[in-house]
Amino acid sequence: MPELRNVTPDEFERWMRVESRAHGNRFNHDPEELRPHFDLTRTIAVVDEGQIVGGAHSHLLEMSVPGGVATVAGVSNVEVQPTHTRRGIMTNMMRHQIDGIHERDEPLAALFATESAIYGRFGYGVGSVHESWTIDKRHTTYNRRPDSPGTIAFVDPADIGKELPDVFRRGTEGRPAVFQRAPHHWERDSRDPIHSQGGQGGIFYAAYIENGRIDGYVNYRTQRPAVIVNELMATTPDASAALWRFCFDLDLHERTDAIKRPVDDPLPWLLADPRRLQRSARDGLWVRIVDVAAALQLRQYLSNDRLTLQIKDDFCSWNNRCFELDGSLEGAICRPSAGSPDLTITVGGLASAYLGAASFTTLAQAGLVDEHSPGVLARADRMFAVQLKPWTPYNF
Ligand SMILES: CC(C)(COP(=O)(O)OP(=O)(O)OC[C@H]1O[C@@H](n2cnc3c(N)ncnc32)[C@H](O)[C@@H]1OP(=O)(O)O)[C@@H](O)C(=O)NCCC(=O)NCCS
């Protein structure tokens, strides 16, 4: 089996080139610019006969969880080059990476998957879901809603790092599964606004302003006949309604497409003819609960209750046991238990329930949860309920 070790400074560019090639991309970055954003002690190089043939990295990040914030290993750059696939290299790398995350006492790992069949086997579960939308301009009339009182103004891309991070923060307040956009990503987007967005046509930023304050913004590009909304962040219902209206009414376009919308976005409820909004949902963030007790203690619970959970975790034996969770709005205590379980849940299912992507009842219907006494599923659902569904608008 190839050796797994950290990337050395002089290997960094070669490692990045392998990463790009494995993803089918040409490497067209300045390695000097990328280098500061990688912690080499958190990298993995897969080395076979002196050649790098794969790798992975994890960023140390903070993610919102219901009522709190958690330290998360943000896993990225996972690849095995096509000459070496399907011989267990990624499996070894996942073992190595999760053991490292556990040793560093980071309770959670999270990632965006290129394909949704890859990570379930390692105990990752869907932590957030988002929707892609498309709607014909002719069907964008709103229900009876008063006009928003504010105004819309363009924002110079050079100013987004100054003007918009606070709007992003306010617009995602109370949402689980959110990572705040790193300053260097605001900076990158201000310099190179078509980065990774695909297509030409330019990126535009427009803000909704009321009483001198920016209450929302939209980042869109045009690809006639469509306006493509990359990100629309609103801190008030007026900002949301006005920014969508602005996009729908742009001249020279017949259609608006949007990517990565939250599943509980108000827009479908605002439309007079909501069936015309075509919605398609897909997995967003994948979450791995690395330390069950530590992770469960980091969030708050809507009802005050106590549950004994039997966790099924084949990949991380330290989690494969019973835990007693005593939770409330004030916080939680979770510790290993010798008691008999109220329910049994896979660690991937727990990741989905943890952030509120799925209820225990739904997970039980999918075979990921077993209820051991009547009424427990409903109690668990009340405890883990969230006011806003998890949403991950920004990929770290
Ligand atoms: C995805 C990737 C890292 C897998 O590496 P690998 O070394 O071939 O994986 P392994 O040999 O350890 O495979 C482990 C298991 O996962 C399965 N698997 C691996 N990649 C898969 C995929 N893309 N879809 C479905 N199953 C996959 C394997 O079939 C194997 O299953 P088995 O244990 O039942 O036989 C590699 O194919 C790759 O780099 N792909 C391109 C880049 C990419 O998609 N990276 C992931 C970024 S999120």
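The values are calculated or read from the model by the stated rules, or taken from the named source; none is laboratory data. Being a predicted model, the structure only gives us computed values, none of them experimental. Cβ sites come from the backbone with ideal geometry, for glycine too, and all protein chains shown count toward neighbours. To get the accessible areas, we keep the full protein, side chains included, count just its heavy atoms, and leave off ligands, DNA and RNA. Shrake-Rupley method; radii C 1.70, N 1.55, O 1.52, S 1.80 Å.
Listing for the model above:
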read-out	value
Condition met for residue 222 (surrounded by 14 or more Cβ atoms within 10 Å (Cβ to Cβ), at pLDDT 95 or above and either at negative phi or under 19 Å from the mean Cα position of the chain (by Cα) (or both))	no
Unmet requirement for residue 258, which otherwise passes all of (1) open to solvent by less than 10 Å² (accessible area, probe 1.4 Å); (2) in a loop (DSSP other than H, G, I, E, B)	(2)
Test: residue in region 35-42 that is at pLDDT 95 or above, open to solvent by 80 Å² or more (accessible area, probe 1.4 Å) and more than 16 Å from the ligand (Cβ to nearest atom)	yes
Qualifying residue in region 94-101 (condition: within 11 Å of the ligand (Cβ to nearest atom) and either open to solvent by 50 Å² or more (accessible area, probe 1.4 Å) or more than 23 Å from residue 10 (Cβ to Cβ) (or both))	yes
Qualifying residue in region 154-165 (condition: touching a strand residue (DSSP E or B) at 6+ places or on another chain (Cβ under 7 Å), in a loop (DSSP other than H, G, I, E, B) and surrounded by 19 or more Cβ atoms within 10 Å (Cβ to Cβ))	yes
Which listed residue is within 7 Å of the ligand (Cβ to nearest atom), part of a helix (DSSP H, G or I) and at pLDDT 95 or above, from 91, 114	91
Candidates 288, 279, 275 - the one that is part of a strand (DSSP E or B), among the basic types (Lys, Arg) and open to solvent by 50 Å² or more (accessible area, probe 1.4 Å)	279
Selection status of residue 123, more than 7 Å from the ligand (Cβ to nearest atom), on the phi > 0 side of the Ramachandran plot, in contact (Cβ under 8 Å) with a residue 24 or more places away in the chain and within 22 Å of the chain's Cα centre (by Cα)	yes
Helices (runs of 4 or more DSSP H) contained entirely in region 291-396, each with at least 2 residues that are hydroxyl-bearing (Ser, Thr, Tyr)	347-355, 360-365
Region 53-67: number of residues that are over 23 Å from residue 185 (Cβ atoms) and open to solvent by less than 20 Å² (accessible area, probe 1.4 Å)	3
Count of region 123-153 residues which are open to solvent by 60 Å² or more (accessible area, probe 1.4 Å) and of a type in the set (Ser, Thr, Tyr)	2
